[in-house]
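The values are calculated or read from the model by the stated rules, or taken from the named source; none is laboratory data. Everything numeric here is computed off the predicted structure, so don't read it as measured data. For neighbour counting, all protein chains shown are included, and Cβ atoms are generated from backbone atoms with ideal geometry for every residue, glycine included.
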Amino acid sequence: MTLETRTYAVTRADLVTYAAASGDPNPIHQDEEVARSVGLPGVIAHGMLTMALAARAVESWFPGAEVVSFGCKFTNPVVVPADGAAEIEVAGEASEEDGLTTVKLTVTCAGQKVLGMPKAVVRA
């Protein structure tokens with residue numbers, strides 16, 4: 001079953017809020033100069049924030065379901081512009097077997113996959 005794509009906007013203000021909540025003040029998530037000095041194309045979103053947005057999509061498709069497992073690899077950065085927002089798109093394909101639903105995800109930003117092999121397993 002194909003699930004309706006979800007889109008989430010991430011701004012620099014979101015990165016500041018996430019850094020405070022997560023305890024991850026790494027300046028690559030807030031300072032353009034620092035990010036570029038270590039070879040990044042600009043300020044990037046926290047990988048765990050990107051993963052959390054993918055999990056939010058799963059929750060929106062299966063509200064109240066128990067998450068049995070959720071995993072991915074961080075493959076490409078989400079570059080967040082100083083003005084405006086980066087848009088993260090989460091698409092999914094779900095299949096059910098033995099009371100469990102497996103959701104294979106595709107998570108992209110600007111047409112590029114940003115999470116590798118993202119998958120959730122939920123029990124309704």
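Couple of notes before you dig in:
- Residue within the stretch 23-42 that is in a loop (DSSP other than H, G, I, E, B), touching a Phe, Trp or Tyr at 6+ places or on another chain (Cβ under 8 Å) and surrounded by 13 or more Cβ atoms within 10 Å (Cβ to Cβ) present: yes
- Residues satisfying the stated conditions in the stretch 2-46, i.e. within 30 Å of Glu97 (Cβ to Cβ), in contact with a Gly (Cβ under 9 Å, 6 or more places away or on another chain) and not basic (Lys, Arg): Thr2, Leu3, Glu4, Thr5
- Checked against (1) among the aliphatic types (A, V, I, L, M); (2) in a strand (DSSP E or B); (3) under 16 Å from the mean Cα position of the chain (by Cα), Val122 passes all but condition (3).
- Filter result for Thr50 (at pLDDT 95 or above, in a helix (DSSP H, G or I) and polar (S, T, N, Q)): yes
- Note on the stretch 77-111: among residues that are assigned to a strand (DSSP E or B) and either out of contact with any Ser or Thr (no Cβ under 9 Å at 6 or more places or on another chain) or without any contact (Cβ under 8 Å) to a residue 12 or more places away in the chain (or both), the one that is surrounded by the fewest Cβ atoms within 10 Å (Cβ to Cβ) is Glu97.
- Filtered residue count, the stretch 56-76, keeping only those that are under 10 Å from the mean Cα position of the chain (by Cα) and either surrounded by fewer than 17 Cβ atoms within 10 Å (Cβ to Cβ) or part of a loop (DSSP other than H, G, I, E, B) (or both): 2
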